[in-house]
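**Q** I am attaching a structure below and will ask some questions about it afterwards.
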Amino acid sequence: LPATAFRIGSAELPDRLKKQREGFAEVLKARRGSNRVVRIAGHADASGSTEVNMSLSQRRAEAVRDYLVSLGADPAMLAPVGVGANAPKNNRDPFAAENRRVEIGRAVPPS
């Protein structure tokens, strides 16, 4: 799914991000009970300390999970993970807006 930037220091979902996730929630609802787990990876730019960025990125991932659950997705299918600023989308500018994002990975069988 396309990335939408969060505001600096915020885990509040931008409206555009909500709209992008609504269709995905429908897909998840249709796959309820499939024993699949979807990884939700929260990211941060380099504007904070390592500790702050890890916490913020985790809160971003959890905010997306909570929004998907509010739309009917099964919480057992969602695994929010914060990765901090360790995997920037824009390596040339570690402070770029596109680095403040959440990415939803492929569904994988549970371990």
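The values are calculated or read from the model by the stated rules, or taken from the named source; none is laboratory data. Just so it is clear, the structure is predicted and the values come from calculations on it, not from any experiment. For neighbour counting, all protein chains shown are included, and Cβ atoms are generated from backbone atoms with ideal geometry for every residue, glycine included. Heavy atoms of the whole protein, side chains included, go into the accessibility calculation; ligands, DNA and RNA do not. Shrake-Rupley method; radii C 1.70, N 1.55, O 1.52, S 1.80 Å.
**Q** Taking the stated definitions as given, is residue 48 in contact with a Gly (Cβ under 6 Å, 6 or more places away or on another chain) and closer than 15 Å to residue 9 by Cα?
**A** It is false that residue 48 is in contact with a Gly (Cβ under 6 Å, 6 or more places away or on another chain) and closer than 15 Å to residue 9 by Cα.
**Q** Now, a different point. Exactly one condition in (1) farther than 13 Å from residue 40 by Cβ; (2) touching a helix residue (DSSP H, G or I) at 6+ places or on another chain (Cβ under 9 Å); (3) open to solvent by less than 50 Å² (accessible area, probe 1.4 Å); (4) touching a residue at least 24 places away in the same chain (Cβ under 8 Å) is false for residue 71; which is it?
**A** Just one mismatch for residue 71, condition (3).
**Q** Then there is this: So, of the residues in the range 38-62 that are of a type in the set (Gly, Ala, Ser) and crowded, with 21+ Cβ neighbours inside 10 Å, which turns out to be nearest to residue 27 (Cα to Cα)? Break it down into steps so the answer makes sense when it comes.
**A** Pass one, the range 38-62, residues of a type in the set (Gly, Ala, Ser): 41-42, 44, 46-49, 55, 57, 61.
Of the ones still in play, those that are also crowded, with 21+ Cβ neighbours inside 10 Å are 42, 44, 57, 61.
Numbers: 42: 20, 44: 27, 57: 24, 61: 18 Å.
The selected residue is 61.
**Q** Considering each of 16, 39, 65 in turn, give the residue that is touching a strand residue (DSSP E or B) at 6+ places or on another chain (Cβ under 7 Å), free of Cβ contacts under 8 Å to residues at least 40 places away in the same chain and closer than 13 Å to residue 102 by Cα. Before you say what the answer is, go through the steps one by one.
**A** On the way: 16 fails: touching a strand residue (DSSP E or B) at 6+ places or on another chain (Cβ under 7 Å); 39 fails: free of Cβ contacts under 8 Å to residues at least 40 places away in the same chain.
Exactly one residue qualifies, and that residue is 65.
**Q** So residue 92 passes all but one of these: (1) under 24 Å from residue 32 (Cα atoms); (2) at pLDDT 95 or above; (3) open to solvent by 30 Å² or more (accessible area, probe 1.4 Å). Which condition number does it fail?
**A** (1)
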